[in-house]
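Participant: Below you'll find the structure I mean.
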Amino acid sequence: MFHHVDHPIIRERLTQIRSVDSETPAFRHALHDVARLMCFSVTADLETETTEVETPLKKTEGHTLSRPVVLVPILRAGVGMMQGFAEILTEASVGYIGLYRDEETHQPHAYYCKLPDHTAASDVILIDPMLATGGSAADAADELKKAGATRIRFACLIAAPEGVSAFEERHPDIPIYAAALDEKLNENAYIVPGLGDAGDRYFGT
Ligand code: PRP
Ligand code: URA
């Protein structure tokens with residue numbers, strides 16, 4: 001299931017992120033903001049349990065998340081988006097999956113995977129700003145499932161229609177949340193209009 005996370009402030013920050021005139025500091029700042037704003041929609045259906053809380057006046061009903069949350073950014077660019085989620089989900093654990101796309105074949109290559117021990121028992125949010133061919137996100141989701149995760153959602157900034165189809169074919173059970181669904185991929189499998197290379201722009205490389 002594809003969810004378009006739309007909000008006036010997200011649209012405004014996304015414009016800054018896309019702009020070729022935004023240098024790394026502005027790019028970083030806007031990406032953190034969008035992630036924080038997206039977090040609200042991405043987590044809207046997390047289950048909660050009823051607890052009791054004592055205010056200065058009396059006891060009343062409170063709520064707590066039913067399961068721990070694990071944030072899993074795909075290296076490198078996912079790290080930038082993860083920051084915003086971690087600022088809201090302050091108790092979330094963080095795992096990392098490292099993948100890079102081969103420049104010729106556009107196929108993802110895995111080079112790192114470190115997930116918390118309780119990943120299987122958690123609500124997992126896989127994070128990467130770009131869903132282009134969908135190969136990186138789908139391979140990362142395979143790793144999460146190998147670790148026993150069953151409650152996974154994928155949050156990205158910009159998705160290409162090709163990536164959405166490819167990801168949904170391999171992982172029909174994982175909802176996709178994106179701030180924008182762009183036109184297409186170009187001949188280098190970059191998203192058009194997109195934002196260019198997310199990792200290079202976020203890390204200033
Ligand atoms: C980018 C991006 C995704 C991937 C998306 O990473 O951050 O991980 O490409 O492409 P796909 O959907 O076609 O697989 P990249 O491989 O450039 O690595 P980097 O983040 O280390 O720069
Ligand atoms: N990776 C990026 O960083 N940008 C794209 O447009 C596609 C893949």
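The values are calculated or read from the model by the stated rules, or taken from the named source; none is laboratory data. This structure is a prediction, so every number in the text was calculated from the model and none was measured. Glycine also receives a Cβ, built like all others from the backbone with ideal geometry; neighbour counts cover every protein chain displayed. For the accessible areas, the whole protein counts, side chains as well, though only heavy atoms, and no ligand, DNA or RNA atoms are used. Shrake-Rupley method; radii C 1.70, N 1.55, O 1.52, S 1.80 Å.
Participant: Out of Ile97, Ile74, I need the residue that is of a type in the set (A, V, I, L, M, F, W, C), within 13 Å of ligand 1 (Cβ to nearest atom), touching a Ser or Thr at 6+ places or on another chain (Cβ under 8 Å) and open to solvent by less than 10 Å² (accessible area, probe 1.4 Å). Which one?
Facilitator: Ile74
Participant: Has the range 37-49 got any residue that is within 15 Å of ligand 1 (Cβ to nearest atom) and under 13 Å from the mean Cα position of the chain (by Cα)?
Facilitator: First, pick out the residues of the range 37-49 that are within 15 Å of ligand 1 (Cβ to nearest atom): none.
Checked against the condition, which is being within 15 Å of ligand 1 (Cβ to nearest atom) and under 13 Å from the mean Cα position of the chain (by Cα), the range 37-49 yields no hits at all.
Participant: I've got another one for you. So if I check each of Glu61, Glu91, which one is at pLDDT 95 or above and assigned to a loop (DSSP other than H, G, I, E, B)?
Facilitator: Result of the check over Glu61, Glu91: Glu91.
Residue by residue, here is whether (1) at pLDDT 95 or above; (2) of a type in the set (Val, Ile, Thr); (3) in contact with a Phe, Trp or Tyr (Cβ under 7 Å, 6 or more places away or on another chain) holds:
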site: Thr150; (1), (2), (3): yes, yes, no
site: Ala155; (1), (2), (3): yes, no, yes
site: Ala160; (1), (2), (3): yes, no, no
site: Val164; (1), (2), (3): yes, yes, yes
site: Arg170; (1), (2), (3): yes, no, no
site: Glu183; (1), (2), (3): yes, no, no
site: Tyr190; (1), (2), (3): yes, no, no
site: Gly194; (1), (2), (3): yes, no, no
site: Phe203; (1), (2), (3): yes, no, no
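Participant: So, one more: Which of the residues that make up the range 162-187 are in a loop (DSSP other than H, G, I, E, B), of a type outside the set (D, E, K, R) and within 30 Å of Lys146 (Cα to Cα)? I'd like the intermediate steps shown before the answer.
Facilitator: Filtering the range 162-187 for residues in a loop (DSSP other than H, G, I, E, B) gives 171-175, 182-183, 186-187.
Applying the additional criterion that residues be of a type outside the set (D, E, K, R) yields 171-172, 174-175, 186.
His171, Pro172, Ile174, Pro175, listed by residue number.
Participant: Still on this model: If Ser19 meets every condition in (1) free of Cβ contacts under 8 Å to residues at least 12 places away in the same chain; (2) in contact with a helix residue (DSSP H, G or I) (Cβ under 9 Å, 6 or more places away or on another chain); (3) under 14 Å from Gly199 (Cα atoms) apart from one, which number is that one?
Facilitator: Condition (3) is where Ser19 drops out.
Participant: Write out, first by first residue and then by second, each pair whose Cβ atoms fall under 8 Å of each other, whose residues are 6+ apart or on separate chains, and whose first residue, in the range 38-53, is under 16 Å from Arg153 (Cβ atoms) while the second is part of a strand (DSSP E or B) and of a type in the set (Lys, Arg).
Facilitator: Val42/Arg153
Participant: Looking at the structure I just gave you, is Gly134 crowded, with 17+ Cβ neighbours inside 10 Å, modelled with pLDDT of 95 or more, farther than 17 Å from Leu14 by Cβ and within 14 Å of ligand 2 (Cβ to nearest atom)?
Facilitator: yes
Participant: Further, regarding this structure: One residue is enough: does the range 176-194 have a residue meeting the conditions open to solvent by less than 30 Å² (accessible area, probe 1.4 Å), under 17 Å from Gly78 (Cβ atoms) and free of Cβ contacts under 8 Å to residues at least 40 places away in the same chain?
Facilitator: The answer is no; no qualifying residue exists.
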